[in-house]
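For reference, the structure discussed in these notes is given below.
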Amino acid sequence: MVCITLLLYVNGVVESHVGHHKMVDCLKAKKTSERTYDGDKPFRFTCQKRLVEVGKDDKGNNYIVRLLDTEENPRIKAKSATEKLGG
């Protein structure tokens, strides 16, 4: 599934990722995260459309299990259509 994902890069490596319904929601979360982050540096937050594997939690809500379009899987490319995570 392709979804809008807020990614945290620390020293150039993805350390965290969270899915969002809309780009505007991702950008708001990015702004808040940049202001409150006090972890390792250098860091960078970015909102991107990424190909992800999605799972369901105990309450039936979707969450990102892992990113599929990574350097380890260069043949997998994200589709142009965005599918929403949601509950």
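Restricting to the stretch 22-40, count the residues that are touching a residue at least 12 places away in the same chain (Cβ under 8 Å) and loosely packed, with under 13 Cβ neighbours inside 10 Å.
Number satisfying all stated conditions: 3.
For the stretch 67-87, how many residues are at pLDDT below 90 and under 11 Å from Thr5 (Cβ atoms)? Quick ask: steps written out before the conclusion?
Initially, the stretch 67-87 is screened for residues at pLDDT below 90, giving 69-87.
Still in the running and under 11 Å from Thr5 (Cβ atoms): 69, 78, 82, 85.
Of the residues in that region, 4 qualify.
Please specify each residue of the stretch 1-44 satisfying the condition of being under 16 Å from Ile64 (Cβ atoms) and among the acidic types (Asp, Glu).
Once the filter is applied, which keeps residues that are under 16 Å from Ile64 (Cβ atoms) and among the acidic types (Asp, Glu), the stretch 1-44 yields Glu15, Asp25.
So which residues in the stretch 27-55 are among the basic types (Lys, Arg) and part of a helix (DSSP H, G or I), if there are any at all? So that I can check it myself, show each step before the final result.
Taking the stretch 27-55 and keeping what is among the basic types (Lys, Arg), we get 28, 30-31, 35, 41, 44, 49-50.
Those that are among the basic types (Lys, Arg) and part of a helix (DSSP H, G or I): Lys28, Lys30, Lys31, Arg35.
Cβ-Cβ distance below 9 Å, separation of 6 or more or different chains: which pairs start in the stretch 1-20 with a residue that is under 12 Å from Asp40 (Cα atoms) and hydroxyl-bearing (Ser, Thr, Tyr) and end on one that is surrounded by 18 or more Cβ atoms within 10 Å (Cβ to Cβ) and modelled with pLDDT of 90 or more?
Pairs found: Tyr9/Phe45.
Considering only the stretch 8-26, I want to know if a residue exists there that is within 20 Å of Tyr63 (Cβ to Cβ), in a loop (DSSP other than H, G, I, E, B) and of a type outside the set (Phe, Trp, Tyr).
Taking every residue of the stretch 8-26 in turn, at least one turns out to be within 20 Å of Tyr63 (Cβ to Cβ), in a loop (DSSP other than H, G, I, E, B) and of a type outside the set (Phe, Trp, Tyr).
The values are calculated or read from the model by the stated rules, or taken from the named source; none is laboratory data. Just so it is clear, the structure is predicted and the values come from calculations on it, not from any experiment. Using ideal geometry, Cβ is built from the backbone for each residue, glycine included, and neighbour counts are taken over all protein chains shown.
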